[in-house]
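Taking it in order: structure first as structure tokens, then the write-up.
The values are calculated or read from the model by the stated rules, or taken from the named source; none is laboratory data. As the structure is a computational prediction, the values presented were derived from the model and not from experiment. Don't worry about glycine lacking a Cβ; one is built from the backbone with ideal geometry, like all the others, and counts go over all protein chains shown. Side chains included, ligands, DNA and RNA excluded: accessible areas come from the protein's heavy atoms. Shrake-Rupley method; radii C 1.70, N 1.55, O 1.52, S 1.80 Å.
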Amino acid sequence: MSGRSLENAFDIAFKESGKGLDRKRTFRTFVNTLKELHYVEEMFPCRNIYETFKIALEMAKENFPLTPMHFPLWIRERLLAAIGEEGITKLDKKTQWIRVNTLKGDFTETINSLKQKGISLLEKEFPMYEAKGKYPISKTKEFEEGLVIPHDLSSYFVVKALEPKRGERILEIGSAPGIKTSLIQQLTKNQSWVVSIDVSVRRTLTQKSLLRKWGVENVEIIVGDGENVPIRNIDKILIDAPCSNSGTFSSDPTVFLRLNRAELKNLVKIQSKILKKAIEYNVPTVFSTCSILPEEGEFQVERYLNRLSKIPWDESFYGYKKSKVYMHVARTYTHIHRCDSFFISRLNF
């Protein structure tokens, strides 16, 4: 599955062997089966891989609830300390979020058109909506034309913390595939200038294609890493740092099957180097990770306590309370906000 999203990998296999099956229902069962794998492996350590999958599949069909035992011990200890057992049991309760793209079309017309297709929309914060309905967003004309963008609420809050303004020159590190880039330009009506840097050639090519589709302008895309940024004269920085992606467990339950201590340690080092590089610019900086682990959040910014700028959202967004910075930073929690789990901080360098 290297280089592909969980859903893309599933679709490749489904085309080969899914004839006669309902794709949506089969994918849901597939994801739920993956959520059960670690639990089965721990409960039945002597079973081979085929027996393990068979047991996990039966548990998935019965909607077996999440428990701390669904996670490796070293992850379990961190999660229990951070969000408690109640939070763990609801880590798969994410909902579907979309953004209405006002760079491409009229807001009211887009909303009405989606409602006519039987898609129920509940506004969270303009332009973000919770979407429900049997008709897939990805099959709509609005999606194909770039009028609506699948956009998780957690990612929206990262850009909200940045508070982009018209005329600003913004450096975005870890930009691909361009979801946050497009939101910055939507909020500023394409009147800021964004320099987007990402280490992946493939992902930046995807970003270029999507930004054209979404009507995004005034973006310069560079292939590079956040430790060696070839640019100066900027007003703000948005760091979407490389991380474990542990906050996406609801969408990709393979995260904790793949992640190990050595990889986490390496990611933490990279994040730290990117933050140190950002200090050189001496401008307001938002540092974010799609992670539920404190090593990739609170622990990263505790050394910059005197530079942290409090994010003035309600208490449901506070960071982990065992950290001395918990009131200064923000988190989105899957079990509270029904989106991916993100860490968000704002620093005045």
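Working from Cα pairs under 8 Å separated by at least six residues, relative contact order for the stretch 1-62 is 32 percent.
Legend: residue pairs LYS15/LYS35; LYS15/LYS124; LYS15/LYS104, Cα-Cα distance threshold 30 Å; pairs beyond threshold, LYS15/LYS124; LYS15/LYS104. With 30 Å as the limit on Cα-Cα distance, the pairs of LYS134/LYS165; LYS54/LYS93; LYS94/LYS273 that go past it are LYS134/LYS165; LYS94/LYS273. Ordered by 1.4 Å accessible area with all protein chains kept, MET69, MET59, MET128 run largest first as MET69, MET59, MET128. Relative to the Cα centre, the charge distribution of the stretch 25-109, modelled as +1 at Lys and Arg Cβ and -1 at Asp and Glu Cβ, gives a dipole magnitude of about 240 debye. Nonpolar atom fraction for the chain, defined as the carbon and sulfur part of the 1.4 Å probe accessible area, stands at 51 percent.
Using the 1.4 Å probe convention, the accessible area of the stretch 144-217 works out to 37 Å² per residue with neighbouring protein chains retained. Spin-label pair VAL199-ARG212: with each label point 7 Å from Cα along the Cα-Cβ axis, the two points sit 2.8 nm from one another. Note that the stretch 101-142 presents 59 Å² accessible area per residue, ligands and nucleic acids not counted, probe 1.4 Å. Estimated at the nearest 10 Å², the accessible area of ILE292 is 10 Å² with a 1.4 Å probe. Neighbours of GLY174 by Cβ distance under 11 Å: Lys/Arg scored +1, Asp/Glu scored -1, total -2. Largest GNM mean-square fluctuation across PHE287, PHE126, PHE64, computed for the chain with C-alpha springs under 10 Å, falls on PHE126. Leaving out ligands, DNA and RNA but keeping every protein chain, what accessible area does LYS269 have, in Å² rounded to the nearest 10, with a 1.4 Å probe? The value for LYS269 is about 110 Å². Only Lys, Arg, Asp and Glu carry charge here, each on its Cβ (+1 for the first two, -1 for the last two); on that basis the chain has a dipole of about 300 debye about its Cα centre. In this label model, LYS93 and ALA262 are separated by 3.7 nm, measuring between points 7 Å along each Cα→Cβ vector. In units of the rule-of-thumb radius 2.2 N^0.38 Å, the stretch 82-234 shows an alpha carbon radius of gyration of 1.12.
The relative contact order of the stretch 226-349 comes to 29 percent, based on Cα pairs under 8 Å that sit 6 or more residues apart.
Please give the net charge around MET128, taking every other residue with its beta carbon less than 10 angstrom from that of MET128, where Lys and Arg add +1 and Asp and Glu add -1. In short, -1. Charging the Cβ of each Asp and Glu at -1 and of each Lys and Arg at +1, and nothing else, the dipole of the stretch 139-271 about its Cα centre rounds to 40 debye.
Each 10 Å bin, from zero up to the one with the longest distance, holds this percent of the alpha carbon pairs of the chain: 5, 23, 33, 26, 11, 2, 0.
What the Cβ-Cβ distance of LYS19 and MET327 gives, at R0 = 51 Å and to the nearest 0.05, is a FRET efficiency of 0.40.
Per residue, the convex hull spanned by the Cα atoms of the stretch 231-292 amounts to 90 cubic angstrom. Between the listed residues LEU259, PHE287, SER175, the Cα displaced farthest toward the positive end of the dipole of the chain, a dipole computed from Cβ unit charges relative to the Cα centre, is found at SER175. Only helical runs count toward this figure. For the chain, summing -39,500 (n - 2.57) over DSSP H runs of n ≥ 4 and dividing by all residues gives -12000 deg cm²/dmol at 222 nm.
When a/c is below 1.5 the answer is rounded, else prolate if a/b is larger than b/c, else oblate, so apply that to the stretch 206-310 with a ≥ b ≥ c taken from the square roots of the Cα gyration tensor eigenvalues. Here the stretch 206-310 falls in the oblate category. Over the chain, Cα pairs under 8 Å with separation of 6+ residues give a relative contact order of 15 percent. The calculated FRET efficiency for LYS115 paired with PHE64, based on their beta-carbon distance and R0 = 35 Å, is about 0.50.
Projecting the Cα atoms of LEU91, ILE12, PRO45 onto the dipole axis of the stretch 1-134, where Lys and Arg carry +1 and Asp and Glu carry -1 at the beta carbon, places ILE12 farthest toward the positive end. Annotation: per residue accessible area for the stretch 224-349 equals 42 Å², rounded to a whole number [probe 1.4 Å, protein chains only].
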